[in-house]
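Q: Below is one structure. I have some questions about it.
Derivation of every value follows stated rules applied to the coordinates shown; laboratory data play no part. Just so it is clear, the structure is predicted and the values come from calculations on it, not from any experiment. Heads up, the Cβs are rebuilt from the backbone with ideal geometry, glycines too, and the neighbour counts pull from every protein chain shown.
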Amino acid sequence: MKKLDEEKNLDLIAEMISRAKGNIQSEYIFFLIWGWVIALASFLHYSLIKFTNFERPELAWSLIVIGVILSAWYGYKIGKRKRVKTYADRIYGLIWLVFLINYFIVLFFMKDINYNVTPIILLMAGGSTFLSGIVIKFKPLIWGGIVLWISAIISFIVPGEMQLLIGGFSILIGYLIPGYMLKNKNKNE
C-alpha cells in the first residue's frame, strides 16, 4: 500500500512539473505574433523608403497595433486557461514587463536620439529573449537572444535604412525560428 502511495505522489509531482513547463511553453504564440509583426513592419518601412516616394514610411510601424490586439487576446485566453501561476511564470512575465517599460522609455525619448531606436530595441529584445530561454530551459531562445544582441551591435554601426533590414532579418531568426521550434516542442509534449 505504501509503495502505491509513493508512486501516486511521484506521478502527481511529475504532472505538476509538466504543467508548469507547459504554462510558459504555450506562450510561443507571442514570439510568433511579434516576430511576424516586427519583421513585416521593418521590411515594409525599408521598402517604402527605397522603392516609393511615400512621405511617411514610418507609418509601417502601425502594424504594431495588430500585435498589441493579438497579444492581448491570446494573453487573456492563456491566462484564463492557467490554473496555477508558478514562480517561473512570474519571472517570465517580469522579464517582458521590464522590456515593455524600457521600450516606452526609448519611444518617449526617441526624438532625443534622432529616432535611432532600432539598435536599442534589438538590444532589449536580445536580453529578454535570452533570459526567457534560460527561464524555460530552451536553447533556441537563448541563441535567438544572442542573434539579436549581435544584430544590435551591427545596427549601431550601419546607417538607419540598413538597420531596418538587419532588424527584420534578426527578428526572423531570433523570434520566429525559436518560436516555431517551441510550438513544435509544445505540440509534441
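Q: Taking the Cα centre as origin and putting +1 on Lys and Arg beta-carbons and -1 on Asp and Glu beta-carbons, what dipole magnitude results for the chain, to the nearest 20 debye?
A: Here the size comes out at about 660 debye.
Q: Based on Cα coordinates alone, diagonalise the gyration tensor for the chain, multiply each eigenvalue by 5, take square roots, and list the semi-axes in whole Å, largest first.
A: Computed over the chain, the values are 38, 16, 14 Å.
Q: To test your reading of the geometry: what angle, between 0 and 90 degrees and rounded to tens, separates the Cα axis of helix 28-51 from the longest principal axis of the chain?
A: 10
Q: What FRET efficiency do you get for Ile153 and Trp73 if R0 is 41 Å and r is their Cβ-Cβ distance, rounded to the nearest 0.05?
A: E(calc), rounded to 0.05, equals 0.75.
Q: Would you mind telling me which residue in Ile136, Ile49, Ile101 has the biggest mean-square fluctuation in a Gaussian network model of the chain, where springs connect alpha carbons within a distance under 10 angstrom?
A: Between Ile136, Ile49, Ile101, it is Ile101 that shows the largest mean-square fluctuation.
Q: Which of Glu189, Glu161 has the fewest other C-beta atoms within 10 Å, and how do the rest follow up to the most?
A: Placing the least packed residue first, the sequence is Glu189, Glu161.
Q: Moving to a separate point now. Report the relative contact order of the chain, percent, no decimals, based on alpha-carbon pairs under 8 angstrom and at least 6 residues apart.
A: After rounding, I find 30 percent.
Q: Evaluate the charge dipole of the range 103-189 about its Cα centre and quote only its size in Debye, nearest 20, assuming +1 on the Cβ of each Lys and Arg and -1 on the Cβ of each Asp and Glu.
A: 380
Q: Also, I was wondering about something else. Multiplying the sequence separation of Ser26 and Lys187 by 0.36 nm and subtracting their Cα-Cα distance, what value in nm do you get?
A: 57.1 nm
Q: Against the longest principal axis of the chain, how steep is helix 160-171, in degrees 0 to 90 to the nearest 10, with axes from Cα atoms?
A: Between helix and principal axis, roughly 20 degrees.
Q: Then there's this: Against the longest alpha carbon principal axis of the chain, how many degrees, from 0 to 90 and to the nearest 10, is the axis of helix 177-188 turned?
A: It is inclined by approximately 20 degrees.
Q: Right, here's the next one. In whole angstrom, how far apart do the alpha carbon centroids of the range 41-68 and the range 138-189 sit?
A: 20
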